[in-house]
Amino acid sequence: MSYLRVPHSLLMLLTLLVSSCGWQLRGDYQPPADTTVLMLQSQASSNINQRIEQALQRHGWLLVNNREDAQAVLEIQSFVINRRTLTINSAGQIAEYQLEAELQGRLVTAAAAAYSIELSTQSWFDNDVTRVTATALEEDAVRERLTARMIELLIFRLQHIRSEN
């Protein structure tokens, strides 16, 4: 009978340990009350804009098309992914690339408060000159991950603005 209590005790101990350190599940974000109704103005590509809109809606923001109906305006001034060479091999060929994603914008509330948003994240990948197609596919996958991460960072930043108010 005491052997049956050991797994339950370990589970309770693990739960207590995890909850005491402040660990939380990520992904459950509520929009700030004063920016729940949002208008998106963006200079990014239509694909990026669509993904940002989907993420905002998934996390509880209501998107509108005109400024008069919005509690705040999210302005995306730029969203770029730049590639640069990191290392060169002994044959003088590029061995590794770095991709850096950058987003610049601001959130302007109906009360005329403006919050600057400047985000960046980076990743790198190997350039195998003998597998050109595989390297191109890997670069596409890294770009996709960087885009998803940048949109996630944007949601985090918008959530943080609530705690600043």
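FYI, it's all coordinate maths here, none of it is from the lab. Because the structure is predicted, anything quoted here is derived from the model rather than measured. Note: ideal-geometry Cβ built from the backbone for every residue, glycine included; neighbour counts use all protein chains shown.
Numbers for the structure displayed
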{"item": "Neighbourhood net charge (13 Å Cβ-Cβ; Lys/Arg +1, Asp/Glu -1) for Trp124", "result": "-1"}
{"item": "For Asn127, distant residues with modelled amide H under 5 Å away", "result": "Glu96, Tyr97"}
{"item": "Extension gain, Leu63 back to Ala114 (0.36 nm per residue minus Cα-Cα distance, nm)", "result": "16.5 nm"}
{"item": "Contour minus Cα-Cα distance for Arg106 and Thr36 (0.36 nm per residue)", "result": "23.6 nm"}
{"item": "Cβ-derived FRET efficiency at R0 41 Å, Gln50 paired with Glu138, nearest 0.05", "result": "0.95"}
